[in-house]
Amino acid sequence: MATSLKILVCGSVDGNFSKFFKKISSIQKKNGPFEMVLCCGQFFSDDPSCEQNWKKILNKKPSVDVPVYILGPTTKVQEKYFQSEKIEDGQEIYDNVLHLGRKGIFKTSSGLSIAYVSGNENKTQNTLSFTKFDIDKLKEQIMRDDQFNGVDILMTSSWPKGMDSVLRVEEAPSSQLLSELTLLLKPRYHFTCHHERYFEAPPYRNHEILQGEQRHVSRFVSMAPIVNENNQKGLYAFSITPMSICDRNELIKQPEVVIPCPYKKINKTKENASEEENQQFFFRTDDRKRKHGSNDEGKTKKTPKGPPPLSADCWFCLGSKNVEKHLVISVGEQCYVALAKGALNEDHILICPIAHHNATSVLPDDVRMEMEKYKDCVRKMFEKEKKTIVMFERNFYTQHLQLQVVGVRKSLEENIETSFEECAQEYCMELMRIPEEKDLTEMVAITTPYFYAEVGEETRFLHKVKGKMPLQFGREVLAGENVLDMTDRVDWKSCKLNREEEVSQAKAFRKRFQPYDFNFN
């Protein structure tokens, strides 16, 4: 039976942090455990008392035993509570309180898909609002995924245009852009908080009766602030089975009262917009074709039905024009291996997802499995060459996951572990060893920035970034005197090769790696 998750949603906290944390703690003890708390309103407020209340929280440090996800600032006054450089992509603003960022779609480790758009509609770009460009980027991401059927939850600061008419709320500022996006997202639950009152619309259908396949319904809920004068509903608890594992018959079950989608009439956007032309990419990493398992006829692998979501300007999305294809060593279905630019040594490579995923902690299962297969292949090769494998990932100021993999002499393994710990101590980093029975996804929340490293077969390190950390920390450890003794190679830019040298080094590594590459065996 599919797992049902308990979710708690709240309206604006408005700086009433002590009351909020006490309520959450009480509900968690009585009715939990909850998977998460979603705050769809303003966490902070413009009131001067908010700053004092926040300082009290930072000083007293009350524990928060369930992840709380919040949207970003909607006024200039509230910006000071967020690190300006992280308003776009999100940050952990307090232990277990996570700011999602301005916009995005992510999937939790439990399979729950959540979309979010922070701020109000605006024609010009700023940290407090969203523009047509922002919404178009999200729509493009949806359109590229031919398996997309909707999201479980949508969180927005504003109402979509059309819902104000359904609920007859004349004074509600609403967004045409959000209406277009919501039509595509088909959220099972849409939560927002834009008034002092609680509103809940009747469920609406995402299909036309007797036209096309039946789809799930959507529910729109606008929360009241958690502290309000009229005893309006500021907390909403519900259970949900993620769409990705939910039985289809259960998913599309229609309630007795259901209304037509309120966004179709006011949107010119077609529900079944034509898919963008598939971008095909093929890489020949050897003169011979890769084979399917034991099949000796040399058939190439089946091309996926459509390309995964990618960013056209990303240096690491395999379909991007910016990828330096001469560095590619091997290409699988979900991941690829490439020579590292400005490598520490001839055994320095990258394992990256083909699609635009930013961290190991958010990888879909199929991508994670293939990345593990590549890690095992490289590990076997280094083992044969009497080398220790060192892998590290920096999920901090990076948009696309790059798992750095370096081979180091076996005799230096103990030195590597010691160097990681000593270097972390110098930078006042809290570098912990991950217990054998724990997975990385159990140790970090979805939006938590972190540094992660593996040394050999058993040792794994984790540092949750709460302030600043040196961006070249992993390279600095390995380039140190006690490991590779190449301190002049900490910055990759200082040891770049010319294209001819890169081609030669990639070819040499490819030749060594091919006997271990699962694509050939």
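Things to note:
- Residues that are within 25 Å of E196 (Cα to Cα) and basic (K, R) were ranked within the range 132-179; the one that is surrounded by the most Cβ atoms within 10 Å (Cβ to Cβ) is K161.
- Scanning the range 462-504 for residues that are assigned to a helix (DSSP H, G or I), of a type in the set (S, T, N, Q), modelled with pLDDT of 90 or more and touching a helix residue (DSSP H, G or I) at 6+ places or on another chain (Cβ under 9 Å) gives a single hit, T487.
- Hits in the range 184-205 (condition: closer than 23 Å to L112 by Cβ, part of a loop (DSSP other than H, G, I, E, B) and out of contact with any Cys (no Cβ under 6 Å at 6 or more places or on another chain)): K186, P187, R188, A201, P203
- Positions within the range 461-492 being without any contact (Cβ under 8 Å) to a residue 12 or more places away in the chain and of a type in the set (D, E), in sequence order: E481, D485, D488
- Within the range 55-71, if we keep just the residues that are outside any loop (DSSP other than H, G, I, E, B) and touching a strand residue (DSSP E or B) at 6+ places or on another chain (Cβ under 9 Å), the residue that is surrounded by the fewest Cβ atoms within 10 Å (Cβ to Cβ) turns out to be L58.
- Residues of the range 443-460 classified as within 30 Å of K103 (Cα to Cα) and without any contact (Cβ under 8 Å) to a residue 40 or more places away in the chain, total: 1
- Residues in the range 74-100 that are at positive phi and surrounded by fewer than 19 Cβ atoms within 10 Å (Cβ to Cβ): 1 in all.
- The numbered conditions (1) closer than 27 Å to D366 by Cα; (2) more than 13 Å from the chain's Cα centre (by Cα); (3) polar (S, T, N, Q) are all true for T108 except (2).
- So V408, is it in contact with a Lys or Arg (Cβ under 7 Å, 6 or more places away or on another chain), modelled with pLDDT under 95 and over 30 Å from R102 (Cβ atoms): no
- Of the residues making up the range 442-461, those that are within 23 Å of T398 (Cα to Cα) and surrounded by fewer than 17 Cβ atoms within 10 Å (Cβ to Cβ) number 1.
- Only listed residue being over 20 Å from S110 (Cβ atoms), part of a strand (DSSP E or B) and not small (G, A, S), chosen from F220, F238: F220
- I416, sole failed condition from (1) buried (at least 20 other Cβ atoms within 10 Å of the Cβ); (2) at pLDDT 95 or above; (3) touching a helix residue (DSSP H, G or I) at 6+ places or on another chain (Cβ under 6 Å): (3)
- Here G41 does not fit the description of being surrounded by 22 or more Cβ atoms within 10 Å (Cβ to Cβ), assigned to a loop (DSSP other than H, G, I, E, B) and within 18 Å of the chain's Cα centre (by Cα).
- Among the residues listed as S84, S179, S158, S110, the single one being within 30 Å of Q214 (Cβ to Cβ) and at pLDDT below 90: S110
The values are calculated or read from the model by the stated rules, or taken from the named source; none is laboratory data. These figures come from a predicted structure and were not determined experimentally. Note that each Cβ is placed from the backbone with ideal geometry, even for glycine, and that neighbours are counted across all protein chains shown.
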